[in-house]
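> Attaching a single structure in structure tokens format; questions to follow.
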Amino acid sequence: MPTKTAIVGVGQTDYRFKRTDVTIQELAVEASRKALEHAGMTLADIDAFVIGVAPDALLGINAVDRWIGEALGVAPRPLLRVNTGGTTGAAAAQAGYAHVASGVAQRVLVVAADKVSESPDAQWVLNTAMDPIYEKSVALNAINMCSLQAVRQMDQYHVTEKQLASVAVRSRKNAQINPHAHLRAPISLEDVLASRYVCWPLKLLDCCPRSSGACAVVMASERVVRKEHSRAAWIRGMGATSNTIYMGDKMGPGRDVDHADWDELAMAAARAYRQAGITDPVHEIDVAEIYAPFTCTEIAAVEALGFANKGMGGVMSEQGMFEMGGAVPVNPSGGVLNANPISATALVRIAEAALQVMGDAGDRQVPGAQRAVATGIGGTLQFHTCMVLANDA
Amino acid sequence: MNQKEQTEAPLIHSGEWKIHYDYAVGETATQFFLRLRDQGKIAGKKCPSCQGVLVPPRAFCERCFVQTEEWVDVGPEGTIEAFTIVYEPFDGLPEPPYAVAYVTLDGATTAMANFVRALDLSDPEVAARQLAVGNRVEAVFADAREGAVTDFYYRLM
Ligand SMILES: [Zn+2]
């Protein structure tokens, strides 16, 4: 049996377009210090470190873990650097969890940071992450690969641009009550629908910004938690699925999953739910923090998490199911659509879910939240993670 | 230094990565590109286990984890599986607008991405209707080919 593991501290910087007052090191330290403070620990208490940083080329610092690790004062303790693209922050949490659950460490600090604005155009960098032989020269990037998903959703499920827009409007409404969020100005359905096409059918307000910021969490074993902590976000389930880089393999007649859907996320969720004993997610999950950098991706995710039937995610969004006060509030933080410090983004989902079940989410607190789910996605929509957090072990 | 003495904004130091790579594409992609360049044909590789015809071809089937041996010509016609029309300029990427589609070429079991050309993209709604999932396209081969994916593009039929 794995050692029961909980998140006992969360630290986040504000997410902004630029942070010219700090280096990437200093940014990581800022979030780490806050997480340790929230956990009531000092750096000396930590047994092991996990750093999440996505492609180095976004920062323009190769092997940036060497620089951040030093700043955290890890010596002489173990340090891991994790990179699974957009999933990076969640994969780093997965590695931190493995440290504690396996009994290798009692207290682990997981930190992820990014300064996406220091490269001129993230999409150019993300294009270099495509297959260099067959696909890079066709100008694929993170935005148009998600547009491809939206097109298939529209074709198979008649998802509408208005349904997509409802996701953006709700997310922005929530971002207004999250002081960390990058984009907070109110937007209307009309604003979203009138915004210019970036990659059809996704418009500017269907898309996330690129942000700078850092997030850290402290994880501890049951022994530590019982002795030292009055409240904790217990990791009750963790599932992860990976699949091919080739999106075309999820479209042709030979496909086993469809690029319109996130069956891979559904598989990760099934695993996490089974571990957590969740059989009826709509009623048993109180709040969800979903990795959705584009409106269409949230629709695929709510279906994969079992909140809506396949093809119904857009309709349910439009009907208000995922609003604060709805059946399953989604992204009280404002989500990725309103802050995307790429390396840290998936860890932010976990951090926000942890704050919810700890009752520490401030103005964005879902009253009485006991169970939360957090997801991550990365690569060419090929890496998926799902974590269930609860206020009881 | 006293905090108050700092009156200027934090300094910015610029840097640039300019690194050249020579990617060996491997024997499978080499055969694919030579056939494309010299004969104007698109070929996939068949998995002996699941019988899938992988386009673009790969030396092994990811799902079955077996080596692929048999070559199968596919296309030149095919069916649109997904598309996007890019209207936003991105550094290092082509001048917009341009359309990209994943197409299952006839005989293949997977879809391959390429540009869709010879199509007016000025009105997004009109262009999107023409590129609808299920519509038919044909691969058009460039006159001067160099053994790269961009040796062909898709055109609506
Ligand atoms: Zn096979």
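> Per residue of chain A, what 222 nm ellipticity follows from adding -39500 (n - 2.57) for every DSSP H run with n ≥ 4, rounded to the nearest 500?
The helix contribution divided over chain A gives -11000 deg cm²/dmol.
> If you add up the charges near A:LEU347, with Lys and Arg at +1 and Asp and Glu at -1, over every other residue whose beta carbon is less than 12 angstrom from its beta carbon, what do you get? Don't jump to the answer; show the numbers that get you there.
Details: positive: A:ARG349; negative: A:ASP114, A:GLU289, A:GLU352.
Around A:LEU347, the surrounding residues sum to -2.
> Could you let me know the centre-to-centre spacing of segment A:121-154 and segment B:7-30, using Cα atoms, in angstrom?
Comparing the Cα centres of segment A:121-154 and segment B:7-30, I get a distance of 18 Å.
> How do the peptides A:8-14, A:86-92, A:289-295, B:48-54 rank, highest first, by the average count of neighbouring beta carbon atoms within 10 Å per residue?
Ranked from most to least packed, the peptides come out as A:86-92, A:289-295, A:8-14, B:48-54.
> Something else: Add -39500 (n - 2.57) for each DSSP H run of 4 or more in chain B, then divide by its residues: what number comes out at 222 nm, to the nearest 500 deg cm²/dmol?
Values: 2 runs with 21 residues, N = 157.
Calculated at 222 nm, the ellipticity per residue is -4000 deg cm²/dmol.
> Rounded, prolate or oblate: which one fits segment A:184-274, using the alpha carbon gyration tensor with axes a ≥ b ≥ c (rounded when a/c is under 1.5, else prolate when a/b beats b/c, else oblate)?
oblate
> Further question: Rounded, prolate or oblate: which fits segment A:256-393, taking a ≥ b ≥ c as square roots of the Cα gyration tensor eigenvalues, rounded meaning a/c under 1.5, else prolate when a/b beats b/c?
On the way: a/c = 1.31, a/b = 1.24, b/c = 1.06.
In terms of gyration-tensor shape, rounded.
> What number comes out for the charge environment of A:GLU284, summing +1 per Lys or Arg and -1 per Asp or Glu over other residues with Cβ under 14 Å away? Each step should come with its number before you reach the end.
Values: positive: A:ARG236, A:ARG274, A:ARG371; negative: A:ASP280, A:ASP286, A:ASP392.
Within the 14 Å Cβ shell, the charges total 0.
> Right, another one. Tabulate in residue order the Karplus-calculated ³J(HN,Hα) for segment B:56-70, using 6.51 cos²θ - 1.76 cosθ + 1.60 with θ = phi - 60°, rounded to whole Hz; enter x for Gly and Pro.
x, x, 10, 5, 8, 8, 4, 6, 8, 6, 10, 6, 9, 10, 7
> Pick from B:LEU11, B:LEU93, B:LEU34: which residue has the top mean-square fluctuation in a GNM of chain B where Cα pairs under 10 Å get a spring?
B:LEU11
> Over chain A, what is the relative contact order in whole percent, taking alpha-carbon pairs under 8 Å and six or more residues apart?
Contact order relative to length: 25 percent.
> Right, next: Which lysines does B:LYS45 reach when only Cα atoms under 18 Å apart count, and residues fewer than 8 places away in its own chain are ignored?
Here the lysines satisfying the reach criterion relative to B:LYS45 are A:LYS250.
> Now a separate question. Is there a pair in A:LYS115/A:LYS203; A:LYS18/A:LYS136; A:LYS203/B:LYS41; A:LYS115/A:LYS310; A:LYS34/A:LYS173 whose C-alpha atoms are over 32 Å apart, and which pairs would that be? Kindly include the intermediate steps, with their values, before the conclusion.
Details: A:LYS115/A:LYS203 24 Å; A:LYS18/A:LYS136 28 Å; A:LYS203/B:LYS41 37 Å; A:LYS115/A:LYS310 36 Å; A:LYS34/A:LYS173 26 Å.
Table pairs above 32 Å Cα-Cα are A:LYS203/B:LYS41; A:LYS115/A:LYS310.
> Can you give the mean number of other chain Cβ atoms that lie within 10 Å of the Cβ atoms in peptide A:240-249? Walk me through the numbers on the way to the answer.
Numbers: counts 0, 0, 0, 2, 4, 1, 10, 6, 14, 11.
Per residue, the number of nearby Cβ atoms from other chains is 5 on average.
> Rank these for me by crowding, A:ARG271, B:ARG129, going from fewest to most other beta carbons within 10 Å.
So the ranking, lowest neighbour count to highest, is B:ARG129, A:ARG271.
> Kindly put A:MET1, A:MET324, B:MET112 in sequence by how many other C-beta atoms sit within 10 Å of each C-beta, fewest to most.
Sorted ascending by nearby Cβ count, the order is A:MET1, A:MET324, B:MET112.
> Apply 1/(1 + (r/R0)^6) to the Cβ-Cβ distance of B:CYS64 and A:MET1, taking R0 = 30 Å, and write down the FRET efficiency to the nearest 0.05.
Working: r = 35 Å, r/R0 = 1.15.
Plugging the Cβ-Cβ distance into 1/(1 + (r/R0)^6) gives 0.30.
> Other chains' Cβ within 10 Å of A:118-130 residues: what's the mean?
Details: counts 3, 2, 3, 5, 2, 7, 4, 3, 1, 4, 1, 0, 1.
Partner-chain Cβ atoms within 10 Å, mean over residues of A:118-130: 3.
> Next question. I need the phi-derived Karplus couplings for segment B:13-29: 6.51 cos²θ - 1.76 cosθ + 1.60, θ = phi - 60°, integer Hz, Gly and Pro marked x.
Each residue's phi maps through the Karplus curve to give 9, 8, x, 8, 9, 9, 10, 8, 10, 10, 7, 6, 7, x, 5, 5, 5 Hz.
> Here is a follow-up. If contacts are Cα pairs under 8 angstrom and at least 6 residues apart, what is the relative contact order of chain B in percent?
Worked out over chain B, it gives 20 percent.
> A:LYS4: which lysines have alpha carbons under 20 Å from its alpha carbon, excluding same-chain residues fewer than 8 sequence positions away?
Candidates past the 8-residue exclusion: A:LYS227.
> To make sure I understand, if each residue's beta carbon is the centre and we count other beta carbons within 10 Å, what order do A:PHE17, B:PHE90, A:PHE383 fall in, fewest to most?
A:PHE17, B:PHE90, A:PHE383
> How many angstrom lie between the C-alpha centres of segment A:66-97 and segment A:291-310?
Using only Cα atoms to place each centre, the spacing works out to 28 Å.
> Across segment B:75-80, in residue order, what do the Karplus-derived ³J(HN,Hα) couplings come to in whole Hz, using 6.51 cos²θ - 1.76 cosθ + 1.60 with θ = phi - 60° and x for Gly and Pro?
Listing the rounded values in order: x, x, 8, x, 10, 5 Hz.
Bear in mind that the values in this text are calculations on the coordinates, not laboratory data. Since the structure is predicted, the reported quantities are computational estimates derived from the model, not experimental observations. As a convention, Cβ positions derive from the backbone with ideal geometry for all residues, glycine included, and neighbour counts pool all protein chains shown.
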